[in-house]
Amino acid sequence: MFATLSDRLTATFKNLRGKGRLSEADIDATAREIRIALLEADVALPVVKEFVAAIKERARGEEVSGALNPAQQVVKIVNDELVAILGGETRRLRYAKSGPTVIMLAGLQGAGKTTLAAKLALWLKEQGKTPMLVACDLQRPNAVQQLQVNGEKVGVPVYAPEPGNGVGDPVSVAKASIEEAKRKLHDVVIVDTAGRLGVDAEMMAQAAGIRDAVQPDEVLFVVDAMIGQDALVTAQAFLDGVGYDGVVLTKLDGDARGGAALSIRQVTGRPVMFASSGEKMTDFDVFHPDRMASRILD
Ligand code: GDP
């Protein structure tokens, strides 16, 4: 396992005692440790550089208090800054003022969209909503069936192309689903879309077509935290190709340190809104910036 930032800084500060400001040499040594900790947590290099520069600036102004251990003091500064960048408070879903709220999911194949769609539906149901799931991933074999199975698990109906009607066109399915939701008085519609293994122009065009057809209130970009540094490249590609309002990090039950959350937030400006952490339908929660900050640092 990696040493925690706190351990590293305690070692760095071993010889530092007393009051006064941190010396430049101390600040440099501190910055080095923070940089290593963030890189080990998979934060992208440009984001690390910017972050460390900001922390150095802040550390210069800080008094080393006689009572507080300087390592703890710096860890606190780093933690506070991480929480602030990760969004401070959790950003909540925006609901439509009238008609069904439309939430569209986008992301690579295997990111966890189909699983997440059902988890989100369950969570909404628990908030008193009456969601409907829409199967627009007509690319991946079994994606429709997988959504139906998950929909059944959480007791949420799934709108899908009729079997036997060929593969169907996802844009038409998406459009028709909104009418169906209105007829059946569903107040939230969650649209699952197709992903591919890598960023691909055709996939982006299809997702953009679905977006235009359903005019979502929220587009959520779903990304596997385990893909580490690649998450940022994918996040940028989806921002350019489809655009989105918020991010969902999945597979946080794995050993990913969560640096992707920081990189994506910093580079795209979009908040991480939800976190998925397992295969069970209840392994899901709103994103807590403070928990993620501790995960990145511990
Ligand atoms: P999609 O291609 O984006 O729709 O991805 P899926 O929802 O099919 O998920 C791909 C795989 O990841 C499936 O085997 C899921 O069971 C699994 N999965 C999804 N979310 C999580 C998660 O939070 N943790 C873990 N461990 N596995 C997940």
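The set of residues from the stretch 242-254 being open to solvent by less than 30 Å² (accessible area, probe 1.4 Å), modelled with pLDDT of 95 or more and not in a strand (DSSP E or B) comprises 242, 243, 244.
Of all the residues in the stretch 257-275, those that are within 15 Å of the ligand (Cβ to nearest atom) and open to solvent by 10 Å² or more (accessible area, probe 1.4 Å) number 1. Scanning the stretch 123-159 for residues that are open to solvent by less than 30 Å² (accessible area, probe 1.4 Å), assigned to a helix (DSSP H, G or I) and away from the ligand (no atom under 11 Å from the Cβ) turns up 124, 151, 154.
Residue check: is residue 168 part of a loop (DSSP other than H, G, I, E, B), within 23 Å of the chain's Cα centre (by Cα) and away from the ligand (no atom under 13 Å from the Cβ)?
Working: part of a loop (DSSP other than H, G, I, E, B): yes; within 23 Å of the chain's Cα centre (by Cα): no; away from the ligand (no atom under 13 Å from the Cβ): yes.
Answer is no for this residue.
Among the residues of the stretch 97-122, the one identified as of a type in the set (D, E, K, R) and open to solvent by 20 Å² or more (accessible area, probe 1.4 Å) is 97.
Among 93, 45, which is the only one that is more than 16 Å from the ligand (Cβ to nearest atom), under 17 Å from residue 262 (Cα atoms) and at pLDDT 80 or above? Give the steps one after another, and end with the answer.
Working: 93 fails: under 17 Å from residue 262 (Cα atoms).
Just a single option satisfies the conditions, and that option is 45.
Checked against (1) in a helix (DSSP H, G or I); (2) surrounded by fewer than 24 Cβ atoms within 10 Å (Cβ to Cβ), residue 238 passes all but condition (2). Where residues in the stretch 222-256 are touching a Leu at 6+ places or on another chain (Cβ under 8 Å) and within 11 Å of the ligand (Cβ to nearest atom), which of them is nearest to residue 93 (Cα to Cα)? Residue satisfying both the conditions and the ranking: 248.
Considering only the stretch 96-122, state which residues are more than 10 Å from the ligand (Cβ to nearest atom) and in a strand (DSSP E or B).
101, 102, 103, 104
Could you tell me whether the stretch 104-114 includes any residue that is touching a residue at least 12 places away in the same chain (Cβ under 8 Å), among the β-branched types (Val, Ile, Thr) and within 16 Å of residue 5 (Cβ to Cβ)? No, because not a single residue in the stretch 104-114 is touching a residue at least 12 places away in the same chain (Cβ under 8 Å), among the β-branched types (Val, Ile, Thr) and within 16 Å of residue 5 (Cβ to Cβ).
The values are calculated or read from the model by the stated rules, or taken from the named source; none is laboratory data. The structure displayed is predicted, hence computed values, not measured ones. Here Cβ is always computed from backbone atoms with ideal geometry, including for glycine, and neighbour counts include all displayed protein chains. Ligands, DNA and RNA are stripped out before the accessible areas are found, and what is left, the full protein with its side chains, is counted by its heavy atoms. Shrake-Rupley method; radii C 1.70, N 1.55, O 1.52, S 1.80 Å.
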